[in-house]
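To keep things clear, I will list the structure first and then write my remarks on it.
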Amino acid sequence: MDILIFSPDGKTAAYETGLAEHLPQANIRGWQPGDTAPADYIVLWKPNAEVLQPRERLKAIFNMGAGVDGVLGAHGESAHRLPPGVPLVRLEDAGMADQMAQYVSAAALRYFRRLDDFQIQQTEGQWKFQKPNRLADFPVAVLGYGTLGAHVAKALKTFGFPVRAWSRSERHDDTGITLYHGAHGDLGFDACVSGARILVNLLPLTPQTVDVLNADLFAKLAQGAYLINVARGAHLVDDDLLAALDCGQIAGATLDVFRTEPLPAEHPFWRAPKVTVTPHISALTLRDETVAQIAGKIAAMSRGEAITGIVDLTRGY
């Protein structure tokens, strides 16, 4: 079994060592320019066109992340570069779900408990009571109900927030979270976001979701709502958010992802007092968990068993 590993920075040694521990029978190599040799499996992150060229015996491509826009492109324009008939497999959790739930819960609780208001008072030397918010007045809408979105929604539910969640296709569970799906109707997208006080974006980045966080969506939220974007920067229309902050429709935003990363020094988000910027750290890929998951799926495929996490290229996730 030959496994090829690609990283844009060329640092593949740790993944080579980790996979070798799980799959001692495999021949594992890091990609080098000009490498066109056969491979049974490719493990990669943000590949170039050369590494995606068809190879003999190739059975699957494993992406070292849950989001596959680094392979397919934000608009799916690079899907045609994939070797025909070879499945693309994404990570499922691999230690990211707990991190994401912690990050989103911390941001949501900060807004609910008015900690930003108290921080402003501290800078002004004010000892002043602020009327507590009521959980009933803080409905949370989670966009995206996959592995990460479901974990985040359930975590928020444990704090008592009224939580609703939207997914493209219909989902069912017994968590007490109101689930919405599709574009229209009483349980469609607009119904999910309407009147929400906190909006959490965990959607995959696809041609249909680019620019989904825009002025039209913000207008559907409750006056003085909060935005938490932990998915992709291309989901957000930056100017629409700044305008919504200026007029008070959005009271604050926590942003972990941006169209250009690192966020350019001249970007207004750095100086917007109601925007919290973090450097794409809401859920980091944990190497040991990632290696174990990919190795387990490679072993299963080599035994002829079915695996989960295969990307539907028509949907982009």
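The values are calculated or read from the model by the stated rules, or taken from the named source; none is laboratory data. This one's a predicted model, so the numbers in the text were calculated from it and none came from an experiment. Cβ: placed from backbone, ideal geometry, glycine included. Neighbour counts: every protein chain shown. The protein model used for the area step is the full one, side chains on, heavy atoms only, and it has no ligands, DNA or RNA in it. Shrake-Rupley method; radii C 1.70, N 1.55, O 1.52, S 1.80 Å.
Measuring r between the beta carbons of Lys128 and Asp216 and using R0 = 51 Å, the FRET efficiency lands at 0.90. Modelled label positions at Asp137 and Ala299, each set 7 Å beyond Cα in the direction of Cβ, lie 5.4 nm from each other. A Cβ-based charge dipole, computed about the Cα centre of the chain with Lys and Arg at +1 and Asp and Glu at -1, lands at about 560 debye. Helix 147-158 and the long axis of the chain differ in direction by around 30°, with both axes built from C-alpha atoms.
Extending 7 Å from Cα along the Cβ direction at Ala243 and again at Ser194 yields two label points whose distance is 2.3 nm. Normalised by residue count, segment 134-187 yields a Cα convex hull volume of 77 Å³ per residue. Counting Lys and Arg as +1 and Asp and Glu as -1, what is the net charge of the other residues whose Cβ lies under 13 Å from the Cβ of Val163? After counting each charged neighbour, the total is +3.
On the accessible surface of the chain, probed at 1.4 Å, how many percent belong to carbon and sulfur atoms?
Result for the chain: 53 percent of the exposed heavy-atom area is carbon or sulfur.
Averaging 1/r across all pairs of distinct Cα atoms in the chain and inverting the result yields a Kirkwood radius of 21.1 Å. Stretching His280 away from Glu50 to a fully extended chain increases their span by 80.1 nm, per 0.36 nm per residue minus the current alpha-carbon distance. The dipole here belongs to segment 246-301: it is taken about the Cα centre, uses +1 on the Cβ of Lys and Arg and -1 on the Cβ of Asp and Glu, and is about 60 debye. Contact order for segment 9-129, expressed relative to its length and based on alpha carbon pairs under 8 Å spaced 6+ residues apart, stands at 17 percent.
What do you get for Rg/Rh of segment 90-146 when both radii come from the Cα atoms and Rh is the Kirkwood radius? Write out the running numbers ahead of the final one.
Details: Rg = 15.8 Å, Rh = 13.9 Å.
Dividing the radius of gyration by the Kirkwood radius yields 1.14.
Rounded to the nearest 10 degrees, the inclination of helix 238-247 to the longest alpha-carbon principal axis of the chain is 10 degrees. A simple charge model with +1 on the Cβ of Lys and Arg, -1 on the Cβ of Asp and Glu and nothing else charged puts the dipole of segment 232-271 at about 80 debye relative to its Cα centre. Note on Gln102 and Arg259: their simple-model spin labels are 3.2 nm apart, each label 7 Å out from Cα toward Cβ. The Stokes-Einstein estimate for segment 194-317, based on a Kirkwood radius over Cα pairs and taken at 25 °C with 0.890 mPa s viscosity, is a diffusion coefficient of 149 µm²/s.
Per 10 Å bin from zero, what fraction in whole % of the C-alpha pairs of segment 174-236 is there, up to the bin with the longest pair? All Cα pairs considered, the percentages come to 21, 53, 25, 1. Along each principal axis, taking the top coordinate minus the bottom one, the Cα set of segment 21-96 gives 37, 32, 23 Å in descending order. Calculated mean residue ellipticity at 222 nm for the chain: -8000 deg cm²/dmol, from DSSP H runs with n ≥ 4 weighted as -39500 (n - 2.57), summed, divided by the residue count and rounded to 500. Counting only protein chain heavy atoms and rolling a 1.4 Å probe, the accessible areas of Thr290, Thr278, Thr147 rank, largest first, as Thr147, Thr278, Thr290. A straight chain from Thr175 to Ala20 at 0.36 nm per residue would run longer than the Cα-Cα distance by 51.8 nm.
Per-residue surface analysis assigns Glu77 an accessible area of about 90 Å², computed on protein heavy atoms at 1.4 Å probe radius.
Converting the Cα gyration tensor eigenvalues of segment 252-317 into ellipsoid dimensions via √(5λ) gives semi-axes, longest first, of 38, 14, 9 Å. With 10 Å bins beginning at zero, the pair-distance distribution over Cα atoms of segment 1-41 amounts to 31, 57, 12 %.
For Gly67, neighbours were defined as the other residues whose beta-carbon sits under 15 Å from its Cβ, and their charges (Lys and Arg +1, Asp and Glu -1) total -1.
For the pairs Lys131/Lys157; Lys46/Lys220; Lys157/Lys220; Lys131/Lys154; Lys154/Lys220, note any where the Cα-Cα span goes beyond 31 Å. Beyond 31 Å: Lys46/Lys220. Note on surface exposure: Trp270, Trp166, Trp45 rank Trp270, Trp45, Trp166 by accessible area, highest first, 1.4 Å probe. A 1.4 Å probe run over the protein chains yields, for the chain, 48 Å² of accessible area per residue, whole-number rounding. For Ile28, the amide hydrogen comes within under 5 Å of the amide hydrogens of Ile3, counting only partners 5 or more places away or on other chains and with H modelled in the peptide plane.
Pairs of Cα atoms nearer than 8 Å and 6+ residues apart set the relative contact order; for the chain it is 16 percent. Note that segment 209-217 has calculated 3J(HN,Hα) couplings of 10, 4, 6, 5, 8, 9, 4, 4, 5 Hz, one per residue in order, obtained from phi through the Karplus relation 6.51 cos²θ - 1.76 cosθ + 1.60 (θ = phi - 60°); glycine and proline are x.
Annotation: extensible slack from Glu289 through Ala13 equals 97.7 nm (criterion: 0.36 nm per residue apart, minus Cα-Cα distance).
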